[in-house]
Amino acid sequence: MNYDVIGDIHGHADALHRLLARLDYRERDGAYRHASRKAIFLGDFIDRGPEQVEVLSVVRAMAAAGTARAVMGNHEFNALGWATPDGSGGFLRPHTEKNERQHAAFLVQIGSGSPAHREALAWFASLPVWLDLGGLRIVHACWHAASQACLAATCLDASGCFHDGGLRKAYRSGTPEHLAADVLLKGPEVQLPGGHSFRDKDGHTRHEARLRWWDRAATTFRLAVLGLDERRSELPDEPVPSDYHYDEPVPVMFGHYWMSGRPQLLSPTTSCLDFSVAKGGVLTAYRWSGEAVLSNDNLAWVTA
Ligand SMILES: [Mn+2]
């Protein structure tokens, strides 16, 4: 099977319609279809953008018609946690001001507590955390076998989706399952050594940093930490104690990282397809036809 893998949409339905048209999908019997290809969505359908209900409608229709598959993003994981009581008067994802701000547009657009909201949650819960298609691997933020094994053992059903008890376990802070869900859906972070810290773009002091797990040459903190380009030299030139680096020959595609600029591969076997459509960037797809070595020629995109 040939797949068109599509990055984070975040409620930008207009871009999604244009991208599917650009990829030669046509709407018939209520769903976009292609004569010889299927779509795969990398998660993060909701939050931020203006047409989140429409995005869910397009993607769910394709999934129901068998013309697309999808994995869970951290925003769908968060939506489930936000709406699931924790049994002691709160919710799995606390209703803090920061969490509410991140989710408010979705709750307004879908109608918090409405039948449509409940239906969307049931669909989010039906999304697998990753897809292993043999020659192609799909996950929202990071491919990491040990984290996958950890979740599969106690939190996921046979289709790779969270069951109710598994979702609760993955939300329990300090457990291996919580860390595993974080790695797969939000990407691995490491503690900086020797009390090092830096200020992030919001001015918060951080002692942990996100890793460029797809870069096998990124062996020191200075090389491996993401998103600090101009201040890289402040980081220690010491080895990263991390087993997160991906160095297998099977191509892996993911979203999540708010890349900017013209879409391009990260390496011949790794491709982040999130080019920030929700921040004025582009909605991006990789047109995969079975190749083990990826090519920039197979990237396609539309502007926001
Ligand atoms: Mn994400």
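Computed over the chain, relative contact order equals 20 percent, with contacts defined as Cα pairs under 8 Å that lie 6+ residues apart. Whenever you get a sec, compute what percent of the accessible area on the chain sits on carbon and sulfur atoms (1.4 Å probe). So the carbon and sulfur contribution to the accessible surface is 50 percent.
In terms of the mean number of neighbouring beta-carbon atoms within 10 Å, the peptides 51-62, 97-108 order highest first as 51-62, 97-108.
Heavy atoms of the protein chains alone define the surface here; on that basis region 1-114 has 41 Å² accessible area per residue at 1.4 Å probe size. For region 172-304, the relative contact order comes to 15 percent (Cα pairs under 8 Å, sequence separation of at least 6).
Remark on region 12-99: Rg and Dmax equal 15.7, 51 Å (Cα only). Take region 40-146, drop everything but the C-alpha atoms, weight them equally and run the Debye formula without solvent; then report log10 I(q)/I(0) at 0.10 Å⁻¹ to two decimals. The calculated log intensity ratios at q = 0.10 Å⁻¹ are -0.30. Of the cross-linked pairs Lys98/Lys279; Lys38/Lys98; Lys169/Lys279, those separated by over 27 Å at the C-alpha level are Lys38/Lys98; Lys169/Lys279. Among rounded, prolate and oblate, which fits region 76-201 when a ≥ b ≥ c are the square roots of the eigenvalues of its C-alpha gyration tensor, a/c under 1.5 means rounded, and a/b larger than b/c means prolate? Because a/c hits 1.5 or more and a/b fails to exceed b/c, region 76-201 counts as oblate. Think of each Lys and Arg Cβ as +1 and each Asp and Glu Cβ as -1; about the Cα centre, that makes the dipole of the chain roughly 380 debye. Evaluated with a Cβ-only charge set (Lys, Arg +1; Asp, Glu -1), region 244-304 carries a dipole of roughly 300 debye about its Cα centre, given to the nearest 20. Placing unit charges on the Cβ atoms only, positive for Lys and Arg and negative for Asp and Glu, gives region 88-160 a dipole magnitude near 140 debye about its Cα centre.
Under the combined filter of DSSP loop state and at most 11 neighbouring Cβ atoms within 10 Å, region 182-215 retains these trypsin sites (Lys or Arg not before Pro): Lys201. For region 160-272, report the translational diffusion coefficient in µm²/s to the nearest whole number, using Stokes-Einstein at 37 °C, 0.692 mPa s, and a Kirkwood Rh over Cα pairs. The estimated diffusion coefficient comes to 209 µm²/s. Summing Lys and Arg as +1 and Asp and Glu as -1 over all other residues whose Cβ lies under 9 Å from the Cβ of Phe198 gives a net charge of +1.
Using 0.36 nm per residue and subtracting the Cα-Cα separation, the extra length available between Ala122 and Arg199 on full extension is 23.9 nm.
Each residue of the chain gets 138 Å³ once the volume of the Cα convex hull is shared out per residue. Note on region 75-137: Rg/Rh from Cα positions, Kirkwood definition for Rh, rounded to two decimals, is 1.07. Label sites at Glu208 and Thr154, each approximated as a point 7 angstrom past Cα along Cα to Cβ, lie 1.8 nm apart. How many angstrom lie between the Cα centre of region 90-145 and the Cα centre of region 189-235? About 27 Å separates the Cα centre of region 90-145 from the one of region 189-235.
Ranking Leu167, Cys272, Ser112 by how far each Cα lies toward the positive end of the dipole of the chain (charges on Cβ) leaves Ser112 at the top. Each of the peptides 118-127, 83-92 was scored by the mean count of other Cβ atoms within 10 Å over its residues; in descending order, highest first, they stand as 118-127, 83-92.
Entry comment: accessible area of region 243-298 is 41 Å² per residue, from protein heavy atoms only and a probe of 1.4 Å. Pop the C-beta distance of Ser267 and Ser88 into the FRET formula with R0 = 30 Å and round what comes out to the nearest 0.05. FRET efficiency, Ser267 to Ser88: 0.10.
Couplings 3J(HN,Hα) for region 287-295, derived from phi with the Karplus relation 6.51 cos²θ - 1.76 cosθ + 1.60 (θ = phi - 60°), are 8, 9, 10, x, 6, 8, 10, 6, 9 Hz, where x marks Gly and Pro.
The residue among Gln148, Trp130, Ala64 whose Cα reaches farthest toward the positive pole of the charge dipole of the chain, with charges on the beta-carbon of Lys, Arg, Asp and Glu, is Ala64. Along the axis of the charge dipole computed for the chain (Cβ charges of +1 for Lys and Arg, -1 for Asp and Glu, origin at the Cα centre), the listed residues Gln52, Gly81, His245 are led at the positive end by Gln52.
The values are calculated or read from the model by the stated rules, or taken from the named source; none is laboratory data. Only a predicted model underlies this, so the values are computations on that prediction, with no experimental measurement involved. No Cβ is skipped: glycine too gets one built from the backbone with ideal geometry, and neighbour counts run over all protein chains shown. Only protein heavy atoms, including side chains, enter the accessible area calculation; ligands, DNA and RNA are left aside. Shrake-Rupley method; radii C 1.70, N 1.55, O 1.52, S 1.80 Å.
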